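**Student:** Before anything else, here's the structure in question.
The values are calculated or read from the model by the stated rules, or taken from the named source; none is laboratory data. All of these numbers come straight from a predicted model, not from anything done at the bench. FYI the Cβ positions are ideal-geometry reconstructions off the backbone, even for glycines, and counts take in every protein chain you see. The accessibility values were calculated without ligands, DNA or RNA, using every heavy atom of the protein model including side chains. Shrake-Rupley method; radii C 1.70, N 1.55, O 1.52, S 1.80 Å.
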Amino acid sequence: MKLTPTFRSILLLFVFSLSIAACKTKKSVSDSTPQSTPQDVPMDTDQKTQGEETEVNFPEKNSDLDDEPYDPTQDQSSNDSKDDPTLEESIESVINDVFKTVEDAVDDVTNVIDDVIRGGVQDNYDWSKAPETSTDSLLHKYIPFRLDADLSHLSANQIKIVGKLIDAAEVMNDLFWYEAYGDKNILLGSIDDPALVSFAMINYGPYDRLNGNKAFINGVKDKPAGANFYPADMTKEEFEASDVEDKKGLYSFVRRDREGKLYTIPYHEQFSSEVKYVSNLLAECAELAEDPGFKKYLELRSKALLNDEYQESDMAWLDMKENMIDVVIGPIESYEDQLYGYRTAHEGYVLIKDMAWSKRLAKYAKFLPDLQRGLPVPAKYKAEEPGRDTELNAYDVIFYSGDCNAGSKTIAINLPNDEEVQLAKGTRRLQLKNAMRAKFDKILVPISEELIDPSQRKHITFDAFFSNTMFHEVAHGLGIKNTINGKGMVREVLKEHASALEEGKADMLGLYMIKQLHNQGELTEDLMDYYVTFMTSIFRSVRFGASSAHGKANMIRFNYFDEMGAFTRNPETGTYKLNFENFEKAMDSLGEKILVLQGDGDYNGTATLVKEKGVIKSQLQADLDRLSQKGIPVDVIFEQGKRVLGL
């Protein structure tokens, strides 16, 4: 973490003002030596927001004061009568020395803060103690997990690459802080309670992501739906009536100029110095890379960060096959933009591929075209054919940063999100095996022991959890990307509801795939293993809250399944029992409903579904409260980074 240029400038200007005041008690500074004051600083307050760079032109050290020997070959006319420095020059020298001293002190403070932040939330809080305060209870929604991996099979160059990729991913934390909130230094510096600082770090801001983004710091207003992607005072009506350039852009901020008119600024301009730094790191990794496909991807991704043109690097990412190291980095998902779902947020994953597990999964990709044709909807809703270059791979994740590390943690990825790339080449599904195991052991199993009927607990298995998650990601490639009536891309037409509906689709079609592959003999485990494990996962994911697309999708599904009798609740034991026949009817019915809403681009119908079903009713809330009372965490946080890996 670095102090923002704006905050650093404020400190320096403060000391500078004190120095000038002291000097004025002896002698006024000559008019020929203009001084920098806050009024002189060129800053467009409408175009610069918290965290942006502010240039301050301070007086440079006067070379005339340097102790240089006399050189008769040089023109000395400008130095006549300067055997001794003037009072003005002495004052200027003192001021420069003060600036240097303060800058060194600021650097020292920054380094201390860096050590604390990079050490991880775990180092700043004692997780072994029982909750005693309200802040303790907030933190205990999470449970720590160490992200480690065996790197012994990697070459010396590959080890170097891992370290550089972690350094690059670290930067995504700062970019996401700005996108999600604004200036993190001002926020963290205003909090006295170290435990509350830790909770703010987990959430990348003062909003509890597991509680509908409600503010947990007094005096903080509700989080804007558009986070920091848009002006906080901007209305939907204003935005939709504007002619702002790059209106639905994935890679730009919307801001106001001095006259109050909306305009956009691309990410690569807003984060110019940061993306140049990351770009250079990726280029260095490319030079070290031994796999040709990985080398090409790193080279193209390095360039893409500098202009926000990612499609070519996305294609190259799908082309690489034999790389043992992988990195997902840049602006990826649009979950944080809950105003429209247009703008993407920065994140980073550093991954080590499990070659043996990946080989086991590879066979399922070939079934995708046939599964698309067999979807239980009219032909017009499944006319698109998914790309055939689809992959399923398993990984150990060794570093999370930015969007994917905020609040509830991702355990599987389906990328790229670019619809043109998906239709041309397919996608890659990344199963994050070690993170998945953490959530299964520490959260899912304890939930089952509290909420699932004892007779069905035997059906909760890690293999079923892994498969459900995997086929959820595969199912993102099924269905439809463009509306059937010319309204445009589903993602754009359904706006802020697109993500929740897409996650709901992936869950339902993932179960559809499992059922079909089981019928074909490709999956041999008991179907009840998949269904009961899935049912338990609803309780796990619904706890993510309405601010999460996955949380909202699970609320919709729970209420829809409840209405269709997919499960029953025993009022005496407070446990749930799955009804096999009704469960299958419910999953087919909801899957069809979602596909039709997407294909028709039915924004109003989707909004109605979310409003009516995307809620937690009193009985479910009471059962979820029991989980909290039992001390069952909602999600995990990671002890991670170069120190954990011994790099």
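**Student:** Kindly report the accessible area of the stretch 503-647 per residue (heavy atoms of protein chains, probe 1.4 Å, no ligands, DNA or RNA), in Å².
**Tutor:** Details: 5440 Å² over 145 residues.
I get 38 Å² per residue for this part.
**Student:** Assuming 0.36 nm per residue, please report the length gained on full extension of the stretch LYS160 to SER455 beyond their Cα-Cα distance.
**Tutor:** On the way: separation 295, 0.36 × 295 = 106.20 nm, distance 5.07 nm.
The LYS160-SER455 span can extend by a further 101.1 nm.
**Student:** Could you rank THR235, THR524 by how accessible they are, 1.4 Å probe, largest area first?
**Tutor:** Values: THR235 65, THR524 115 Å².
My answer, sorted largest first, is THR524, THR235.
**Student:** By the gyration tensor of its Cα atoms, with a ≥ b ≥ c the square roots of the eigenvalues, what is the shape of the stretch 515-647: rounded for a/c under 1.5, prolate for a/b over b/c, or oblate?
**Tutor:** Numbers: a/c = 1.30, a/b = 1.27, b/c = 1.03.
The shape class here is rounded.
**Student:** Over the stretch 272-383, what percent of the accessible surface lies on carbon and sulfur atoms, probe 1.4 Å? Write out the running numbers ahead of the final one.
**Tutor:** Numbers: 2380 of 4500 Å².
Its accessible area is 53 percent carbon and sulfur atoms.
**Student:** Of the GluC sites (Glu not before Pro) in the stretch 321-362, which ones lie in a loop per DSSP and count no more than 12 other C-beta atoms within 10 Å? Write out the running numbers ahead of the final one.
**Tutor:** Working: sites: GLU322, GLU333, GLU336, GLU347; in loops: GLU322, GLU336.
For GluC sites (Glu not before Pro) across the stretch 321-362 that sit outside H, G, I, E and B with at most 12 neighbouring Cβ atoms in 10 Å, the list reads GLU322.
**Student:** Calculate the FRET efficiency for ASP625 and TYR603 from the Cβ-Cβ distance with a Förster distance of 41 Å, rounded to the nearest 0.05.
**Tutor:** Details: r = 34 Å, r/R0 = 0.83.
The pair ASP625/TYR603 has a calculated efficiency of 0.75.
**Student:** Got a number for carbon plus sulfur as a percent of the stretch 132-185's accessible area, 1.4 Å probe? Mind dumping the intermediate values first?
**Tutor:** Numbers: 980 of 1980 Å².
Answer for the stretch 132-185: carbon and sulfur cover 50 percent of the accessible area.
**Student:** I want to check the label-to-label distance for ASP233 and LYS303. Put each point 7 Å from Cα in the C-beta direction and report it in nm to one decimal.
**Tutor:** Placing both labels 7 Å along Cα→Cβ, they lie 4.3 nm apart.
**Student:** Starting from the 7 Å offset along Cα-to-Cβ, what nm value, one decimal, do you get for the label separation of SER134 and ILE186?
**Tutor:** Here the modelled spin labels are 2.5 nm apart.
**Student:** Here's another thing I want to ask about it. Taking a virtual spin label 7 Å from the Cα of SER589 along the C-beta vector, which residues in the stretch 356-381 bring their backbone nitrogen under 18 Å of it?
**Tutor:** Residues 376-378 fall inside that zone.
**Student:** Same structure again: Calculate, for LEU423 and LYS359, the FRET efficiency according to 1/(1 + (r/R0)^6) with r their C-beta to C-beta distance and R0 30 Å; round to the nearest 0.05.
**Tutor:** Working: r = 27 Å, r/R0 = 0.89.
In this case the efficiency is close to 0.65.
**Student:** Within 9 Å, Cβ to Cβ, of ARG569, how many net charges do the neighbouring residues add up to if Lys/Arg are +1 and Asp/Glu are -1?
**Tutor:** Working: positive: LYS577; negative: ASP562, ASP623.
So the environment of ARG569 carries a net charge of -1.
**Student:** Another one. At R0 = 25 Å, how high is the FRET efficiency between ALA383 and GLU312 if r is their beta carbon distance? Nearest 0.05 is fine.
**Tutor:** 0.35
**Student:** While we're looking at this one, here's another question. So how far apart, in nm, are the two label points at PHE580 and GLU612 if each is 7 Å from Cα heading toward Cβ?
**Tutor:** 3.1
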